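Written below as C-alpha cells is the structure these notes are about.
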Amino acid sequence: MTPAPMADEIGTLKTFFLSAIASATTEAELEAVRVSALGKKGSITALTRALGTLSPEERKTRGAELNTLKNDILAVLDKQKKILSAAAMQERLVNERLDVTLPIRPEAEGRVHPTPQTIEEIVTIFASMGFAVAKGPDIETEYYNFEALNIPSSHPARDMQATFFLPSAEKTNQTVLRTQTSPVQIRTMLHKKPPIRIIAPGRTYRCDYDQTHTPMFHQVEGLVIDEKTNMGHLKGCVMDFLRAFFGIDDLPVRFRPSYFPFTEPSAEVDIGCSRAGGELKLGNYGDWLEIMGCGMVHPNVLKNCGLDPEKHQGFAFGMGIERLAMLKYGIPDLRTFFDADMRWLRHYGFMPFDIPNPALRG
Ligand code: DAH
C-alpha cells in the first residue's frame with residue numbers, strides 16, 4: 001500500500017499557512033495569504049478538488065481533515081484580521097490627529113483691515129453695555145441728514161460738512177451722501193419707541209482730502225433715549241468706552257462745553273496724551289487730544305421724531321472710526337486706509353481672531 005495520499009500535504013499546508021498568517025503585517029498581506037490558501041487557485045482549494053481522485057474511504061478521512069484545516073485557517077484569518085484592522089485604525093488615529101485648538105497658520109495671507117477690526121472692537125464694548133447696532137442708508141435726504149437734526153438750510157453747520165449732493169432737478173430736500181451717521185438717530189427714534197440704546201457704525205462722506213480727511217470715512221453714532229438718562233450717564237458711558245477701547249484704565253477723559261445743533265448741552269471729549277518729542281502717546285501725561293462730540297439730545301430733535309421732550313430725554317455721541325484706529329494703532333495717514341496696498345495691509349492689518357487688548361476679552 002502506498003502511504004495515505006495528501007496526509008503529509010495537509011499537515012505541511014497547515015504549518016505553512018498558520019505561519020504566513022502570523023507574519024502578515026497588513027490587512028493586504030493577510031488577504032494575499034487567504035487567496036493563496038482558499039481562493040479559486042489556492043492550495044487548499046486545489047487539494048479539495050483532488051479529493052475526487054481518492055478511494056471513497058480516503059476521500060472521507062481526507063475530506064474531513066481538509067474541512068477542519070479550512071475552518072482552522074478561516075478562524076485564524078478572522079482573528080488576525082481583527083488585530084490588524086484595530087492596529088491600522090490606531091495608527092490612523094495617531095497619524096491623522098488634528099488639534100483644532102491650535103492657532104491658524106501664521107503664514108495665512110489674508111488680513112482684517114483696521115477699519116472693520118476697529119468697528120468690531122467698538123461694537124464689542126458697547127454690546128457689553130447693552131447697546132444694539134442700528135443701520136441707515138448711505139444715501140440720505142437733506143431732511144434726515146440736516147433738517148431733522150436741527151440743522152436748517154441757513155445754518156452755518158451745513159457748510160462745516162462739505163456735502164456731496166446727488167444730481168437732482170429738485171432744489172429742496174435734495175439727495176445727499178450722508179455727511180454723518182447722525183441721521184440714524186432720527187430713523188431709529190421714528191421707528192422704535194424708547195427705551196432706545198443703539199450705536200450706528202457706518203460710512204460717511206465729505207468732499208475733503210488730506211492727511212486726516214478722505215471723501216469717505218467711517219463714523220459711529222450712539223443714542224440713548226428713555227425718561228431719565230442724564231449728562232452723568234453720558235459721561236460714565238463715554239469714559240468707560242474710551243478706557244476699554246484704548247486699554248488704558250486711568251486714561252484721563254475731559255468734557256469741554258461745545259456746540260452741536262442736535263444736542264443741548266453739547267460737549268467735546270478730550271483724552272489725556274503726551275506730545276513730547278513729537279511723538280503722540282495716550283495716557284495720563286497732562287496734555288489733551290480731542291476725540292469725539294456728544295451731548296443731550298436737543299428737544300427739537302426729539303420733537304421732530306414725535307417724542308415729547310417733557311417726557312423723553314437722552315444723550316448722543318459721534319466719533320470717527322479711522323481716527324480711533326489711527327490713534328490706537330499708530331497709523332499716521334488716513335488716506336492709506338483706502339489705498340488697497342497689500343504691503344500696508346500686511347503691516348497694519350490683523351490676523352483673523354486677533355483680540356487686541358484684554359479689556360475686549362469676553
Ligand atoms: N455728527 C457729528 C459730526 O459728524 C458728530 C457728533 C457730535 C454726533 C455730537 C453726535 C453728537 O451724536 O452728539 O461731526
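The values are calculated or read from the model by the stated rules, or taken from the named source; none is laboratory data. Note that the coordinates shown come from a computational prediction; the quantities given were computed from them, not determined experimentally. Every residue, glycine among them, receives a Cβ derived from its backbone with ideal geometry; neighbour counts consider all protein chains shown.
The residue list THR48, THR53, THR61 contains one member that is under 27 Å from ALA22 (Cα atoms) and either modelled with pLDDT under 95 or of a type in the set (A, V, I, L, M, F, W, C) (or both), which is THR48.
Of the residues screened, ASP308 is one that is over 23 Å from the mean Cα position of the chain (by Cα) and within 23 Å of SER182 (Cα to Cα).
The residue that is nearest to LEU334 (Cα to Cα), among those in the range 200-231 that are assigned to a strand (DSSP E or B) and of a type in the set (A, V, I, L, M), is MET216. Scanning the range 146-168 for residues that are at pLDDT below 90 and surrounded by 15 or more Cβ atoms within 10 Å (Cβ to Cβ) returns ALA157, ARG158, GLN161. Among the residues making up the range 94-124, those that are under 19 Å from the mean Cα position of the chain (by Cα), at pLDDT 90 or above and of a type in the set (A, V, I, L, M) are VAL112, ILE119, ILE122, VAL123. Total residues in the range 213-259 satisfying the condition of being more than 11 Å from the ligand (Cβ to nearest atom), among the aromatic types (Phe, Trp, Tyr) and closer than 22 Å to GLY202 by Cα: the figure is 3. I'd like the residue in the range 290-333 that is aromatic (Phe, Trp, Tyr) and closer than 19 Å to ILE198 by Cα and, out of all such residues, is nearest to the ligand (Cβ to nearest atom). Step by step, filter the range 290-333, then rank; the result is PHE317. It is to be established whether one or more residues within the range 205-223 are touching a strand residue (DSSP E or B) at 6+ places or on another chain (Cβ under 9 Å), over 27 Å from GLU142 (Cα atoms) and of a type in the set (S, T, N, Q). Looking for residues that are touching a strand residue (DSSP E or B) at 6+ places or on another chain (Cβ under 9 Å), over 27 Å from GLU142 (Cα atoms) and of a type in the set (S, T, N, Q), one finds none in the range 205-223, hence no. Picking from residues in the range 125-168 that are within 30 Å of the chain's Cα centre (by Cα) and in a helix (DSSP H, G or I), the one that is farthest from the ligand (Cβ to nearest atom) is SER128. Within the range 241-265, the set of residues being hydroxyl-bearing (Ser, Thr, Tyr) and surrounded by 15 or more Cβ atoms within 10 Å (Cβ to Cβ) comprises SER258, THR263.
Only a single item in (1) among the charged types (D, E, K, R); (2) at pLDDT below 95; (3) within 14 Å of the ligand (Cβ to nearest atom) is not met by LYS171, and it is number (3). Could you tell me which residue of the range 203-212 is nearest to the ligand (Cβ to nearest atom), considering only residues that are among the polar types (S, T, N, Q) and over 27 Å from the mean Cα position of the chain (by Cα)? In this case the residue turns out to be THR212. Out of GLY320, GLY295, GLY272, GLY306, one residue alone is within 21 Å of LYS228 (Cα to Cα) and surrounded by 18 or more Cβ atoms within 10 Å (Cβ to Cβ). It is GLY295. Filtering LYS228, LYS171, LYS193 for residues that are surrounded by fewer than 14 Cβ atoms within 10 Å (Cβ to Cβ), closer than 14 Å to VAL297 by Cβ and over 28 Å from the mean Cα position of the chain (by Cα) leaves a single hit, LYS228.
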